[in-house]
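I have placed the structure first, in the form of structure tokens, so that the comments after it can refer back to it.
The values are calculated or read from the model by the stated rules, or taken from the named source; none is laboratory data. Not measured: the values here are computed from a predicted model. Calculation scope for accessible area: heavy atoms of the full protein, side chains included, ligands and nucleic acids excluded. Shrake-Rupley method; radii C 1.70, N 1.55, O 1.52, S 1.80 Å.
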Amino acid sequence: MAKQSIFSRISTLVKANINSLIDQAEDPQKMIDQLVRDYTNNVADAEAAIAETIGNLRLLERDHEEDIQASKDWGNKALAASRKADELRSAGSAADADKFDNLAKIALQRQISEEREAKAAEPTIAAQTEVVDKLKSGLNGMKEKLGELKAKRSELLARAKVAEAQTKVQDAVSSINVLDPTSELGRFEDKVRRQEALAQGKVELAASSLDAQFESLDDLGELTEVEARLAELKAGGSSQSQSQIES
């Protein structure tokens, strides 16, 4: 009954559609991890059960071989006793010959008994051999499924890492969108523009102050020229007055 239960479990696991189970799972990675644990435990249980079944089969086979060998041995003993009886009977010792014929009969009875036991064990051995072959085949199927699960897990983890990396890259790209004035780059550009405007304002302020100084110099030059002309006029007027007096 236990062997049948193990065989049923192996058949169920081998026939299981791993992809379907993973697709239906809310968290595929957790589902695969659980399946790997379950399959690993089931493989260990199956190996232990199959090892026991094989051990029992080997005992049956050994007993069968011993029965066959015992049958042959008793056959040889029956033949030896029969020949001895024939020799004694030929020698005129009928009583001793009958004794060895009786021994031959006993040996033949034991031979027949051993042959029956050997024959009776053959169907059981055949059935157990078939069970062992099926269990071995199922165990190989389970191991293949386990390998498939582990490969699927590695694939899923790799895909998850790629998706995570793509998400990080996309987030980074989105955060520096040059067309978005609210992005970090946009705010930095606005700050630079303000600094440039401030510098330009200072330059213009300095330039206007310098222009004012030059304008004051121009005004000073103009006043100086006016004073010079005034002095010249005065000098000219004084000369004319002196000339008139002398005349």
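Residue check: is Ala118 at pLDDT 85 or above and either part of a helix (DSSP H, G or I) or farther than 18 Å from Gln29 by Cα (or both)? Working first, answer last.
Numbers: at pLDDT 85 or above: yes; either part of a helix (DSSP H, G or I) or farther than 18 Å from Gln29 by Cα (or both): yes.
The answer is yes for Ala118.
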Can you confirm whether Lys143 is open to solvent by 90 Å² or more (accessible area, probe 1.4 Å), assigned to a helix (DSSP H, G or I), at pLDDT 75 or above and closer than 25 Å to Ala44 by Cα? yes
Condition broken by Glu87, with the remaining ones in (1) modelled with pLDDT of 90 or more; (2) open to solvent by less than 90 Å² (accessible area, probe 1.4 Å); (3) of a type in the set (Asp, Glu) satisfied: (2)
Given the conditions (1) at pLDDT 80 or above; (2) outside any helix (DSSP H, G or I), which single one is not true for Asp180? (1)
